[in-house]
Amino acid sequence: MLETSAEKPVPVRVVSEAISDYINRLGQIWVEGEIAQLNDRAGSGMVYLRLRDPSVDMYLEVTCPRSVFKSIAPLTENARVVINSKVNFYTPTGRLSLNAKEIRQIGVGELLARLEALKKLLAAEGLFAAERKKPLPFLPRKIGLICGRASAAEKDVKENAKRRWPSVQFETREVAVQGADAVIQVSAALKELDNDAEVDVIIITRGGGSFEDLLPFSDEGLVRLAANCKKPIVSAIGHEQDTPLLDLVADLRASTPTDAAKRVVPDIKEELEKIRQLRNRADQKINDRVILEMTKVVNLMQRSFAGINSRITRSSDELNHMLTQIRALSPQATLDRGYAVVQKSDGSIVRTPNKLTKGEMLRLRLAEGVALATATGESELDRIRGE
């Protein structure tokens, strides 16, 4: 370990040699990456590569003897390889590079096996679990859209969404959706949209492609980033038979970009029809309730009328009975049978003949009207006896 201080610094040469010495102790190492740049100079005994980590923006320069390169040729840019190399630190310039001793291309079969292993790992961690899925908003204020530049997928999503809900708004990020920069650009766009307060849901989409073209959407870093997003994510990658790992961690997998648009925004015609049906049902419900209450009122009125009529009838019968009794006890009933009431001029009733004076004026109250008479002083009984 170098011992230095402000008073005892060491020259650049010493630092560079120390770094070189440390790196030399690493020995040979195996490195995996993606060929981002390939320079095969004609007539040169060396082939120069730039090896890239597909998840981050990081490169290493690789110097490969032509014989080693040709042993696995043809290799092209974007190919995934594993390189057995010796790390080299060039002290005069401080340049770090790898000297390739062996190159192995990672085939589709091996990539599939790695993806399957990664899939099992993420599933075991619960990243694909249904309870982690976030519900999509009914009508998002703004839709975040991550897609290729001027791509058909972008057109499909926007046109179908606007056809369903004309006022829908998008916050679009056009990025590389395949190749060396895809993971980095998609990840950056996803972070940005997830932090946008106006974005309620994010669609990540691209059209179909080869297995290798869709590999960025199975990158572990991107998948974990999507799993930790606050906003719900809709994955619409490739065709229905394509299943990148992003589909499994997304809150909703759409079979196509068009399907994603249909899942994210409602159809205004369908919603208006639902409103019309609900309004009709509400109107019918109110009408049925009004009719029911009116029927109850009519029934109550009929019962009330029937009760009142019955009471009136009973009261009328009672009154007629009382009137009959009153008439039976009334003097008028006696008069109606042919009797008369004899009254003096002062209105007093004559009950015995000896109270009368001969020639006294009398009033005879009959059943119908009044007659006048004069007392003769002789009773009818005395006259009958005299005869």
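FYI, it's all coordinate maths here, none of it is from the lab. Note that the coordinates shown come from a computational prediction; the quantities given were computed from them, not determined experimentally. Positions of Cβ are generated from backbone atoms using ideal geometry, with glycine treated the same way; all protein chains shown enter the neighbour counts.
The table below lists the values:
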quantity: Residues Y59 and K101, FRET efficiency given R0 of 22 Å [Cβ-Cβ distance, rounded to 0.05]; calculated: 0.65
quantity: Within the stretch 271-305, backbone nitrogen closer than 20 Å to the virtual label 7 Å beyond the Cα of L319 toward Cβ; calculated: 305
quantity: Estimated 222 nm signal from helices in the chain, with DSSP H stretches of n ≥ 4 weighted -39500 (n - 2.57), rounded to 500; calculated: -13000 deg cm²/dmol
quantity: GNM result for the chain, Cα springs below 10 Å: residue of G179, G207, G347 fluctuating most strongly; calculated: G347
quantity: Around R132: net Lys/Arg minus Asp/Glu count, Cβ-Cβ under 13 Å; calculated: +1
quantity: Residue of G209, G221, G45 that the Gaussian network model of the chain assigns the largest fluctuation, springs spanning Cα pairs under 10 Å; calculated: G45
quantity: Crossing angle, helix 152-164 versus the chain [Cα axis fit, 0-90 degrees, rounded to tens]; calculated: 10 degrees
quantity: Given charges at beta-carbon only (K, R positive; D, E negative), |dipole| of the stretch 79-148 in Debye; calculated: 240 debye
quantity: Neighbourhood charge, 11 Å Cβ-Cβ cut-off, centred on N88 and excluding it, Lys, Arg +1 and Asp, Glu -1; calculated: +1
quantity: For Cα extents along the principal axes in Å, calculated from these coordinates, the label among [x] 69, 55, 51; [y] 76, 46, 38; [z] 190, 56, 36; calculated: [z]
quantity: Nearest-ten-degree value, helix 182-194 long axis tilted from longest Cα axis of the chain; calculated: 30 degrees
quantity: Contour minus Cα-Cα distance for A129 and L335 (0.36 nm per residue); calculated: 63.0 nm
quantity: Sorted by Cβ density within 10 Å, fewest first, the residues C229, C147, C64; calculated: C229, C64, C147
quantity: Degrees separating the helix 12-24 axis from the principal Cα axis of the chain, which is the longest one; calculated: 80 degrees
quantity: Using θ = phi - 60° and Karplus 6.51 cos²θ - 1.76 cosθ + 1.60, couplings along the stretch 35-50 (whole Hz; Gly, Pro as x); calculated: 6, 8, 8, 10, 10, 9, 6, 5, x, 8, x, 10, 10, 10, 10, 10
quantity: Kirkwood Rh, Cα atoms: Rg over Rh of the stretch 307-379; calculated: 1.29
quantity: Most fluctuating residue given options D247, D317, D196, as computed from a GNM of the chain linking Cα atoms under 10 Å; calculated: D317
quantity: Contact order relative to length of the chain, as percent, for alpha carbon pairs under 8 angstrom and 6 or more apart; calculated: 10 percent
quantity: Over 29 Å (Cα to Cα) - which of K120/K162; K120/K230; K134/K158; K119/K269; K134/K285 fall in this group; calculated: K120/K162; K119/K269; K134/K285
quantity: Loop-resident sites, the stretch 11-93, for trypsin sites (Lys or Arg not before Pro), counting at most 11 other Cβ within 10 Å (DSSP); calculated: R25, R41
